[in-house]
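So the structure is just underneath, and the comments pick up after that.
The values are calculated or read from the model by the stated rules, or taken from the named source; none is laboratory data. Bear in mind that the values here come from a model prediction, so they are computed numbers and not experimental data. Note that each Cβ is placed from the backbone with ideal geometry, even for glycine, and that neighbours are counted across all protein chains shown. Side chains included, ligands, DNA and RNA excluded: accessible areas come from the protein's heavy atoms. Shrake-Rupley method; radii C 1.70, N 1.55, O 1.52, S 1.80 Å.
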Amino acid sequence: MAVKRIGILTSGGDCAGLNAVIRGVYAHAKGHFGWDVVGIHNGTAGLLARPVEATELDDRVLGSDMLRQGGTILGTTNKGDPFDFPMDDGRRIDRSAEVIDGYRDLKLDALIGIGGDGSMAILRRLAQQGGINLVTVPKTIDNDLGATEVSIGFETAVQTATEALDHLQPTAASHSRVMVLEVMGRDAGHIALSAGIAGGADIILIPEIPYRFAAIEQKLAALRKRGRNFALIIVAEAVRTEDGQSITAVHSGGGKGVKTYGGIGHYIGEEIAQRSGAETRVTVLGHVQRGGTPEPKDRLLGSAFGVHAVDLIAAGKFDRMVAWREREVVDVPIESAIEGYQAVDPKGTLVKTARGVGISFGD
């Protein structure tokens, strides 16, 4: 097929490295193939708007500041499923045809969608329904897509969490405290595990490994016996209470409550204080992990993913997701990519490493 004009959008939660993808796509598509590149604003919401919210990208996207800039210049959204769209009157309707019409209004030959598993599932369904030539790029700070060894945003999130432990350690030692750091991780504990090892945590709590407070108390007692007057604990937000209950918080948004994980850090801190008498403090890192300057790995990965996505379009290979495996970019079917969820392996290398250096998982 003769490609002349492609679109690109970002969907789901923001993360570091998205602008590197956009830059890579534009540089390769325009510079090597002469294609026009249209940036669609706010994910599928931009295609729902009338007129469609989109901008034809130009050489300003090539600026090196794009590599350093967090978030996404196109905007994004993690709500408003077009197949089950919430209306102001409380109804939920299918607006997928409107999204497809928006895509056609832009006269695009192909679409690059940057998102996590949920976003990719929606985009693929739209592509199948509307005959859209789709290629996707994986981004999730949770790093839970099994088809790729790493996703955009993960390295920067781990760096941020590691730096938080670095900053908490001196205060913990100065005041003889147990510091609890709650980090993101919707259903997987990859951020907590990697940052916990790199940041010298004493205890790592992740949803894949059930814990007991008795075991946590034993670890704290062992530290005190060795002469340590403080401890660092890192916990993924999806960790449950000892009896298996999820802790969530409701956030306002467009007049509607949105429920997310949050609060497990305070639960852990309070329980430790009551059970052991230790002075505890809790830090919830939250969205700090999503923003900020992208780490070099996220810049490299984003650039490589963007270039490969364009090459897939040039080769007429659609319904594919770019991925990183064994030090190179590959591509896999989107369907298999979103089915391949990857939680932390309790018997994997990083868990073995953590245990090997004396870190407890509370089990």
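The sole residue among ARG275, ARG355, ARG325, ARG281 that is closer than 30 Å to ALA127 by Cα and of a type in the set (Lys, Arg) is ARG325.
To keep it simple, each residue is scored yes or no on (1) in contact (Cβ under 8 Å) with a residue 12 or more places away in the chain; (2) assigned to a strand (DSSP E or B); (3) open to solvent by 40 Å² or more (accessible area, probe 1.4 Å); (4) of a type in the set (Lys, Arg).
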residue: ARG186; (1), (2), (3), (4): yes, no, yes, yes
residue: LEU193; (1), (2), (3), (4): yes, no, no, no
residue: GLY196; (1), (2), (3), (4): yes, no, no, no
residue: ILE204; (1), (2), (3), (4): yes, yes, no, no
residue: PRO207; (1), (2), (3), (4): yes, no, yes, no
residue: PRO210; (1), (2), (3), (4): yes, no, yes, no
residue: ALA215; (1), (2), (3), (4): yes, no, no, no
residue: LYS219; (1), (2), (3), (4): yes, no, no, yes
residue: VAL239; (1), (2), (3), (4): yes, no, no, no
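Here the stretch 1-11 is the region considered, the condition is being touching a helix residue (DSSP H, G or I) at 6+ places or on another chain (Cβ under 8 Å) and open to solvent by 10 Å² or more (accessible area, probe 1.4 Å), and the residue that is nearest to ALA157 (Cα to Cα) is SER11. Only residues that are open to solvent by 80 Å² or more (accessible area, probe 1.4 Å), at pLDDT 65 or above and not polar (S, T, N, Q) were counted in the stretch 241-251, giving 1. Cβ separations smaller than 9 Å between residues 6+ apart or across chains give the following pairs from the stretch 31-45 residues that are of a type in the set (D, E, K, R) to residues that are open to solvent by 40 Å² or more (accessible area, probe 1.4 Å) and assigned to a helix (DSSP H, G or I): ASP36/LYS30. All conditions in (1) open to solvent by 20 Å² or more (accessible area, probe 1.4 Å); (2) among the charged types (D, E, K, R); (3) touching a Phe, Trp or Tyr at 6+ places or on another chain (Cβ under 8 Å) hold for ASP142, with the sole exception of (1).
Annotation: ALA45 fulfils all but one of (1) open to solvent by 30 Å² or more (accessible area, probe 1.4 Å); (2) within 18 Å of LEU123 (Cα to Cα); (3) not in a helix (DSSP H, G or I); the unmet one is (3). Criterion first (free of Cβ contacts under 8 Å to residues at least 60 places away in the same chain, in a helix (DSSP H, G or I), in contact with a strand residue (DSSP E or B) (Cβ under 8 Å, 6 or more places away or on another chain) and at negative phi) does ALA172 satisfy it? Taking the combined requirement at face value, the residue does not satisfy it. Scanning the stretch 350-359 for residues that are small (Gly, Ala, Ser) and either part of a strand (DSSP E or B) or open to solvent by less than 30 Å² (accessible area, probe 1.4 Å) (or both) yields a single hit, ALA354. The residues of the stretch 153-184 that are surrounded by fewer than 24 Cβ atoms within 10 Å (Cβ to Cβ) and polar (S, T, N, Q), listed by number, are GLN159, THR160, THR162, GLN169, THR171, SER174, SER176.
For the structure I just gave you, tell me whether ALA16 is buried (at least 24 other Cβ atoms within 10 Å of the Cβ) and more than 23 Å from the chain's Cα centre (by Cα). When the stated conditions are applied, ALA16 does not pass them. Those helices (runs of 4 or more DSSP H) of the stretch 252-349 in which at least 3 residues are closer than 30 Å to SER64 by Cβ and open to solvent by 60 Å² or more (accessible area, probe 1.4 Å), considering only elements entirely within it, cover 296-314.
Taking the stretch 59-99 as the range and being over 30 Å from ALA29 (Cα atoms) and basic (Lys, Arg) as the test, the residues that pass are ARG91, ARG92, ARG95. Every listed requirement among (1) free of Cβ contacts under 8 Å to residues at least 24 places away in the same chain; (2) outside any loop (DSSP other than H, G, I, E, B) is met by THR156 save one, (1).
The set of residues from the stretch 21-44 being of a type in the set (Gly, Ala, Ser) and under 18 Å from GLY70 (Cβ atoms) comprises GLY24, GLY39, GLY43. Summed over the stretch 83-114, the residues that are surrounded by 13 or more Cβ atoms within 10 Å (Cβ to Cβ), modelled with pLDDT under 95 and part of a loop (DSSP other than H, G, I, E, B) give a count of 0.
Residues checked against (1) without any contact (Cβ under 8 Å) to a residue 12 or more places away in the chain; (2) of a type in the set (Val, Ile, Thr); (3) in a loop (DSSP other than H, G, I, E, B):
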site: VAL3; (1), (2), (3): no, yes, yes
site: ILE6; (1), (2), (3): no, yes, no
site: ASP14; (1), (2), (3): no, no, yes
site: ASN19; (1), (2), (3): no, no, no
site: VAL25; (1), (2), (3): no, yes, no
site: ALA29; (1), (2), (3): no, no, no
site: ARG60; (1), (2), (3): yes, no, no
